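Peer 1: I have a structure I would like to understand better, so I am pasting it below and will then ask my questions one at a time.
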Amino acid sequence: MMLLTSDLRNFFMYPKKRHKSSNHLNTVTDIYDGTTWKTFESLMDSDLNENFIGLQWCWDGADAFNLSGESFWPGCYSILNFPADIRSKLNIGLHVVTLCNGSKASLRLMVEELQLLWNIGITVDGITWNVAIVNGVWDGKGYEKVTCCQDEGSIHGCNVCTFPCINIFFN
């Protein structure tokens with residue numbers, strides 16, 4: 001919320017105010033031109049003065065102490081509303097969090113907060129900002145934790161279907 005009341009607040013409107021030349025009509029030049037971003041924006045109700053904040057979430061485990069086997073799971077999220085050159089600037093467009101050891105409890109808290117940010121949003125100066133993750137970047141272990149899947153070596157890797165996996169590597 002502090003960013004929405006700071007000098008950076010105008011950057012949140014960048015997706016709507018950016019210049020698009022005629023060369024950009026049929027090309028994708030940024031995430032705003034993609035169908036996922038457009039779908040989220042189409043869900044905003046202009047009569048209620050709703051706007052969208054899109055996030056990209058990157059998450060990976062790291063060894064806390066050199067070869068100790070004790071890992072922590074630092075994550076970072078970028079505010080995709082900001083112009084591309086400041087999305088990666090720490091504490092402006094890029095923010096870092098840690099989710100202890102990547103436990104389900106940490107993920108549950110994050111999901112509950114994101115649900116509130118989407119369903120209720122943040123209202124500042126009469127504008128309600130609804131927040132959602134547009135995309136995520138994870139390594140294999142991070143993807144397993146987020147999707148509650150097991151790696152390709154497991155017998156039941158998929159959390160969507162009930163068909164057992166046929167493991168071609170270990171048969």
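The values are calculated or read from the model by the stated rules, or taken from the named source; none is laboratory data. Note that this is a predicted model, so its numbers are computed, not measured. No Cβ is skipped: glycine too gets one built from the backbone with ideal geometry, and neighbour counts run over all protein chains shown. With ligands, DNA and RNA removed, areas are computed over all heavy atoms of the protein, side chains included. Shrake-Rupley method; radii C 1.70, N 1.55, O 1.52, S 1.80 Å.
Peer 1: Based on this model, can you work out whether PHE82 counts as in a strand (DSSP E or B), among the aromatic types (Phe, Trp, Tyr) and modelled with pLDDT of 90 or more?
Peer 2: no
Peer 1: How many residues, within the range 85-100, are surrounded by 14 or more Cβ atoms within 10 Å (Cβ to Cβ) and either acidic (Asp, Glu) or not in a strand (DSSP E or B) (or both)?
Peer 2: Number satisfying all stated conditions: 5.
Peer 1: Go through (1) more than 21 Å from LEU3 (Cβ to Cβ); (2) at pLDDT 70 or above; (3) open to solvent by 30 Å² or more (accessible area, probe 1.4 Å) one by one and return the number of the condition SER103 breaks.
Peer 2: With respect to (1) more than 21 Å from LEU3 (Cβ to Cβ); (2) at pLDDT 70 or above; (3) open to solvent by 30 Å² or more (accessible area, probe 1.4 Å), SER103 is out only on (2).
Peer 1: Where residues in the range 9-57 are of a type in the set (A, V, I, L, M) and modelled with pLDDT of 90 or more, which of them is nearest to ILE127 (Cα to Cα)?
Peer 2: LEU48
Peer 1: It is to be established whether one or more residues within the range 118-127 are open to solvent by less than 30 Å² (accessible area, probe 1.4 Å), part of a strand (DSSP E or B) and among the β-branched types (Val, Ile, Thr).
Peer 2: Scanning the range 118-127 turns up at least one residue that is open to solvent by less than 30 Å² (accessible area, probe 1.4 Å), part of a strand (DSSP E or B) and among the β-branched types (Val, Ile, Thr).
Peer 1: Additional query: Would you mind telling me which numbered condition in (1) outside any helix (DSSP H, G or I); (2) surrounded by 17 or more Cβ atoms within 10 Å (Cβ to Cβ); (3) modelled with pLDDT under 90; (4) of a type outside the set (Val, Ile, Thr) LEU67 fails?
Peer 2: So LEU67 meets the others, but not (2).
Peer 1: If a residue has to be part of a helix (DSSP H, G or I) and aliphatic (A, V, I, L, M) to count, how many in the range 31-46 make the cut?
Peer 2: Within the range 31-46, residues that are part of a helix (DSSP H, G or I) and aliphatic (A, V, I, L, M) number 1.
Peer 1: Additional query: Restricting to the range 118-140, name every residue that is touching a residue at least 40 places away in the same chain (Cβ under 8 Å) and under 16 Å from the mean Cα position of the chain (by Cα).
Peer 2: Across the range 118-140, the qualifying residues are GLY121, TRP129, ASN130, VAL131, ALA132, ILE133, VAL134, ASN135, GLY136, VAL137, TRP138, ASP139.
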